[in-house]
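See below for the structure under consideration.
The values are calculated or read from the model by the stated rules, or taken from the named source; none is laboratory data. These numbers come from a predicted model, not from an experiment. A quick note on method: Cβ atoms are made from the backbone with ideal geometry, for glycine too, and the neighbour counts reach across all protein chains shown. Side chains included, ligands, DNA and RNA excluded: accessible areas come from the protein's heavy atoms. Shrake-Rupley method; radii C 1.70, N 1.55, O 1.52, S 1.80 Å.
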Amino acid sequence: MEYHVKDLSLADKGKDRIEWAEMDMPVLRKEIRKRFIEEKPLKGIRIGACLHVTTETANLMRTLKEGGAEVYLCASNPLSTQDDVAAALVKYYDIPVFAIKGEDEETYYQHIEAVLSKKPHITMDDGADLISTLHKNHPELLENVIGGTEETTTGVIRLKAMAKDGALKYPVIAVNEALTKHLFDNRYGTGQSTIDGILRATNRLLSGSVFVVAGYGWCGKGVAMRARGMGAEVIVTEVDPIKAIEARMDGFRVMPMAEAAKLGDIFCTVTGNLNVIREEHFKVMKDGAIVSNSGHFNVEIDIPALERMAVKKRTVREFVDEYTLEDGRRIYLLAEGRLVNLSAAEGHPASVMDMSFANQALSAEYLVKEGKDLRPDVYVVPGHIDRHVAELKLKAMGIEIDELTPEQIEYLNSWEMGT
Ligand SMILES: NC(=O)c1ccc[n+]([C@@H]2O[C@H](COP(=O)([O-])OP(=O)(O)OC[C@H]3O[C@@H](n4cnc5c(N)ncnc54)[C@H](O)[C@@H]3O)[C@@H](O)[C@H]2O)c1
């Protein structure tokens, strides 16, 4: 089997961790995998996946394989690969993986090419690098493809731009847009794991610190909520007036980054946007300020500017680079500005990925059934799948809810009844 991972001897540790995550993924493990094993809905389908190579992704790959698919996996970020998981997938689950933590950009794209060389029928992306490489470099592969899925906000934005330009040549399901994805994964998953990444990298006490969150979208809400829960004073920066009011009503201070930069002890960007923290902000930061990002790409912090401004740079701990500026102030950049939760910690906890990846698995099944009839465009996850994932999760959690009575159904569907 062709693969490229760091070290196969890490496989035992990876297998233990994959099984640990599996315990907290009941929707995928019990409900979907069981059915996939019986029905084999993905039989004969080659899936090329470009996702963060984590224990949870490993369980998605296993589920797809058990559904009958041939699965090939590469990383969607050079720093997010868990090498033990990559090794275990190859050694114990016969799934070809092309991913090594810390790979350079050239290797990163070689790994994407390796997955594309398997001529996938379905592409699965987290950030749209696989699909965009396929469209740019391999138009000859398009005829094989039924459709694709996309996991994250930034990927969906890129794909919508492709669709608008007429450049997108096959249908893609935006898994991120499922309510059972972004309401939970982006908010509670990113919220907890981003704080986890910052703490693992720095071991700083959050209590009593000033924590600045840039962006109050789904991820930002989670990060702000959890930072406050740990005792930090949280400041939010935004460009959207509605989100800014929401942040204020949720009890956070809101101000421009130029002001927040002077006050923050720890910064985290989650905007999906470019150069949100830049030279003018570094200029006014306190000595010792810690800067991190949990948005998809490492573009939210203007690292080239920091490099230019620094007279000295050294790594002081794993995932912590110290930049000393001309006036002696030091700024600490975490995980080279890449997703801090996946670089310095382990990404989202399994329980939340259970729902995101249930959407992935069911969307792949949907594409096999319906993809041929879909025009090239970006689609939301069908409502019945979203609802079904919520029902399965509730069932797995042992939670029952009420059902509408016939009278209530009639009431909700009528307009005659008033006061
Ligand atoms: N770390 C992870 O594991 C993880 C998980 C899910 C999503 N993401 C990524 O996180 C990013 C945010 O995702 P989301 O779902 O919260 O998106 P979102 O669209 O819900 O929120 C982004 C927010 O950032 C704001 N914003 C844009 N430019 C800004 C600026 N210059 N200053 C301040 N605010 C600004 C927007 O107004 C918006 O409210 C995306 O890149 C997404 O792909 C990361």
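At a glance:
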{"quantity": "Answer from Val352, Val380 - the residue that is within 16 Å of the ligand (Cβ to nearest atom) and under 12 Å from Pro171 (Cβ atoms)", "calculated": "Val380"}
{"quantity": "Selection from the stretch 162-183 of residues that are away from the ligand (no atom under 14 Å from the Cβ), part of a helix (DSSP H, G or I) and either small (Gly, Ala, Ser) or surrounded by fewer than 18 Cβ atoms within 10 Å (Cβ to Cβ) (or both)", "calculated": "Ala163, Lys164"}
{"quantity": "Matching option when the condition is assigned to a helix (DSSP H, G or I), at pLDDT below 95 and closer than 28 Å to Gly371 by Cβ, among Lys65, Lys30", "calculated": "Lys30"}
{"quantity": "Test set (1) at pLDDT below 95; (2) open to solvent by 10 Å² or more (accessible area, probe 1.4 Å) - Ser80 fails condition number", "calculated": "(2)"}
{"quantity": "Tyr332 being open to solvent by 20 Å² or more (accessible area, probe 1.4 Å) and in a helix (DSSP H, G or I)", "calculated": "no"}
{"quantity": "Scan of the stretch 356-377 for residues that are open to solvent by 20 Å² or more (accessible area, probe 1.4 Å) and either touching a residue at least 60 places away in the same chain (Cβ under 8 Å) or within 16 Å of the ligand (Cβ to nearest atom) (or both), ordered by number", "calculated": "Tyr366, Val368, Lys369, Lys372, Leu374, Arg375, Pro376, Asp377"}
{"quantity": "Where Ser294 falls short, out of the listed (1) without any contact (Cβ under 8 Å) to a residue 60 or more places away in the chain; (2) within 8 Å of the ligand (Cβ to nearest atom); (3) touching a strand residue (DSSP E or B) at 6+ places or on another chain (Cβ under 7 Å); (4) closer than 25 Å to Pro78 by Cα", "calculated": "(1)"}
{"quantity": "Breaking point among (1) within 11 Å of the ligand (Cβ to nearest atom); (2) touching a helix residue (DSSP H, G or I) at 6+ places or on another chain (Cβ under 9 Å), for Ile242", "calculated": "(2)"}
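Here's the yes/no breakdown for (1) part of a helix (DSSP H, G or I); (2) open to solvent by 30 Å² or more (accessible area, probe 1.4 Å):
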{"residue": "Glu56", "(1), (2)": "yes, no"}
{"residue": "Met61", "(1), (2)": "yes, no"}
{"residue": "Lys91", "(1), (2)": "yes, yes"}
{"residue": "Ile95", "(1), (2)": "no, no"}
{"residue": "Ile112", "(1), (2)": "yes, no"}
{"residue": "Pro120", "(1), (2)": "no, no"}
{"residue": "Leu142", "(1), (2)": "yes, yes"}
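Yes or no, residue by residue, for (1) under 27 Å from the mean Cα position of the chain (by Cα); (2) within 29 Å of Asp125 (Cα to Cα); (3) open to solvent by less than 50 Å² (accessible area, probe 1.4 Å); (4) not aromatic (Phe, Trp, Tyr):
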residue: Gly264; (1), (2), (3), (4): yes, no, yes, yes
residue: Ile301; (1), (2), (3), (4): yes, yes, yes, yes
residue: Met309; (1), (2), (3), (4): no, no, yes, yes
residue: Asp327; (1), (2), (3), (4): no, no, no, yes
